[in-house]
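Asks: For reference, the structure I am asking about is given below.
What follows is calculated from the coordinates using simple rules that are stated; it is not laboratory data. No experiment lies behind these values; they were computed from the predicted model shown. With ideal geometry, Cβ positions are generated from the backbone for all residues, glycine too; neighbour counts draw on all protein chains shown.
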Amino acid sequence: MKPTIAAMAGMRHDSYYRENRHSPALIRARRPYIVKNALMGLGFCILTGGIYAYTISVVGQDDFADVKVPDVPIKSPAQKN
């Protein structure tokens, strides 16, 4: 990583983000939202899983008795030749 002009001049420029980890300031700024975000993410996962499970259970109950299947496959005009 190439140093900036401010760093070469001896001025320190802190950022919320560093190379491989978060700064203490970013951690403090995000702390009030950690539980809210985790609960919201958990809620979305439960909602998505519930919709998926409901859909699979409803589709699994269908016996397709109302679908008429022909004895002989219908040939298209291209296949008649």
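Asks: Can you give me the distance in nm between label points at I74 and L42, each placed 7 Å from the Cα along the Cα-to-Cβ direction?
Replies: Placing both labels 7 Å along Cα→Cβ, they lie 5.3 nm apart.
Asks: Any chance you could run the full-extension gain for I51 through F64? It's 0.36 nm times the residue separation minus the Cα-Cα distance, nm to one decimal.
Replies: 2.5 nm
Asks: How compact is the range 23-81 by the rule of thumb for globular proteins, expressed as Cα Rg over 2.2 N^0.38 Å?
Replies: 2.52
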